[in-house]
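A short worksheet on the structure shown next.
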Amino acid sequence: MKTMQKGFTLIELIVVIVILGILAATALPRFINVATDARIAAMNGMAGGLRSAVALAQSRYVATGNPAATTINMGLTGAVQAVDVAAGTGIPVATAAGIQAAMQATDGFALACTGVICTITQTGGPVACALTYTGATGVVNTAAVIAANCGG
């Protein structure tokens, strides 16, 4: 009479563990760059937010009909959200009262403004991974947002 085998042999279990180890060793490097990719995506999202804030501020500026104004109100339904802009263009200036006020929320990011250019970095992220905002033109430069600068 034949006896039925129950369970796995030790060799079968070792082979399965070795195969899983090889799969893990080849798959792990694919997930190491996730932090860098996430940092780059967050910076590109912030760049989009900055560009949108500039467009909204300019729209509000034009809607007020006062080409000499240096402050606009971007608040909703009577709320006051003052934003400093350049007269004649309506582009938010590169200060906390300008572009940062137009953005309204910059959680997780640090803005260092000189009055002409703001440098935006992620809080706790690499300093080299940065955006720049030029208040005179409203241009957002993302040239430094690359894997070499945002890794780490």
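Every number in this text was worked out from the coordinates using simple rules, so none of it is lab data. Keep in mind that what you see is a predicted model, and the values were worked out from it rather than measured.
Which angle from 0 to 90°, rounded to the nearest 10, does the C-alpha axis of helix 34-64 make with the longest principal axis of the chain?
For 34-64 against the chain, the angle is about 20 degrees.
Can you tell me, using C-alpha contacts under 8 Å and at least 6 residues apart, the relative contact order of region 1-111 as a whole percent?
Relative contact order for region 1-111 comes out at 17 percent.
Take the chain, connect every pair of alpha-carbon atoms lying under 10 Å apart with a spring to form a Gaussian network, then pick out the residue of G45, G21, G98 with the largest mean-square fluctuation.
G21
How long is region 35-110 along each principal axis, judged by its Cα atoms, biggest number first, in Å?
46, 24, 18
Could you tell me which label, among (i) 2, 9, 15, 15, 12, 8, 7, 5, 4, 4, 4, 3, 3, 3, 2, 2, 1, 1, 0, 0, 0; (ii) 2, 8, 15, 16, 13, 13, 14, 10, 6, 3, 0; (iii) 2, 9, 16, 19, 18, 12, 6, 4, 4, 3, 3, 2, 1, 1, 0, 0, carries the value of P(r) over Cα pairs in 5 Å bins from 0, in percent calculated for this structure?
Derived directly from the coordinates: (i).
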